[in-house]
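Presented below is the structure to which this report refers.
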Amino acid sequence: MIPLRDKLRSKHIPIITIALILVNIYIFFKEIFLGNGLILFIDKYALVPAYFIFWDEITWATVINKIFSLIISLFIHSGWLHLIGNMWYLWVFGDNVEYRLGHLRYLLFYFLCGIIGTSMHIIMNLSSTIPVIGASGCIAGVLGAYFLLSPKAKIVTILPVFIFWTIADVPAFFFLGIWFLIQFLAGYYTLIETQSSGVAWWAHIGGFIGGAVLKTFFVKNRK
């Protein structure tokens, strides 16, 4: 299923959502022009569960570097599909969540969901040395909030029907419920197979649950 747009018209300009998309795109283009320096950039700023959990020494510099990597890794993407997929979901679902939370609350909410998602991934992959990058945990949090705030909203969606594709209006409750189920099954599969995946499924799961819970504390209850 590919979302094209939602039919819930936003009542304001989603300035934070637009700003986040622009920052993610800017950093991605910076990655492209790093050339051979990209590997060093990823090594420095991506979050690696095994290295994040096990510290050689505890100093202020180490603490600051780990906190910084926890944040900056949320803006690094591995390729065009990774970036476009994340930013498209943020564009489709972010505006109405931003309206319901308010601009500054929404910004804080976004980062907290990303941190919760990344933390869930670390917990489920303590020994993994695969770098964790991308805004997926943040955006999953936005989806979790949307799931509860606007369950009846219609999502204009491209759907596969046998060998054909069609466009239909799908209730947000169903669309996001299926999305979460796919993430959970994929995450569960990595556990029973006892192997790490290149996709941070548990960051998606943690972010979604985190967003669903946090929205209660952040929403301004305006319609």
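Structure summary
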read-out: Residue selected from segment 75-91 under the condition surrounded by 19 or more Cβ atoms within 10 Å (Cβ to Cβ) and of a type in the set (A, V, I, L, M), by the criterion nearest to Phe173 (Cα to Cα); value: Leu90
read-out: Any chance Ala145 is in contact with a Leu (Cβ under 6 Å, 6 or more places away or on another chain) and small (Gly, Ala, Ser); value: no
read-out: Residue match in segment 41-60 (condition: exposed (fewer than 14 other Cβ atoms within 10 Å of the Cβ) and in contact with a strand residue (DSSP E or B) (Cβ under 6 Å, 6 or more places away or on another chain)); value: no
read-out: Qualifying residue in segment 96-111 (condition: in contact (Cβ under 8 Å) with a residue 24 or more places away in the chain, under 20 Å from Asp43 (Cα atoms), touching a strand residue (DSSP E or B) at 6+ places or on another chain (Cβ under 8 Å) and not basic (Lys, Arg)); value: no
read-out: Elements of type helices (runs of 4 or more DSSP H) contained in segment 102-214, each with 1 or more residues being surrounded by fewer than 16 Cβ atoms within 10 Å (Cβ to Cβ) and either of a type in the set (D, E, K, R) or modelled with pLDDT under 95 (or both); value: 103-124, 172-192
read-out: Condition met for Tyr26 (surrounded by 13 or more Cβ atoms within 10 Å (Cβ to Cβ), of a type in the set (Ser, Thr, Tyr) and either in contact with a strand residue (DSSP E or B) (Cβ under 7 Å, 6 or more places away or on another chain) or at pLDDT 90 or above (or both)); value: no
read-out: Residues being assigned to a helix (DSSP H, G or I), within 20 Å of Gly137 (Cβ to Cβ) and in contact (Cβ under 8 Å) with a residue 24 or more places away in the chain - total across segment 2-40; value: 10
read-out: Failed item in (1) in contact with a helix residue (DSSP H, G or I) (Cβ under 8 Å, 6 or more places away or on another chain); (2) small (Gly, Ala, Ser); (3) without any contact (Cβ under 8 Å) to a residue 12 or more places away in the chain, with Ala46 passing the rest; value: (3)
read-out: Scope segment 9-65; condition under 20 Å from Ile130 (Cβ atoms) and of a type in the set (S, T, N, Q); matching residues; value: Asn65
read-out: Residue check for Phe52: within 19 Å of Ile115 (Cβ to Cβ) and either of a type outside the set (D, E, K, R) or within 22 Å of the chain's Cα centre (by Cα) (or both); value: yes
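The values are calculated or read from the model by the stated rules, or taken from the named source; none is laboratory data. As the structure is a prediction and not an experimental result, all values here were calculated from the model. Here Cβ is always computed from backbone atoms with ideal geometry, including for glycine, and neighbour counts include all displayed protein chains.
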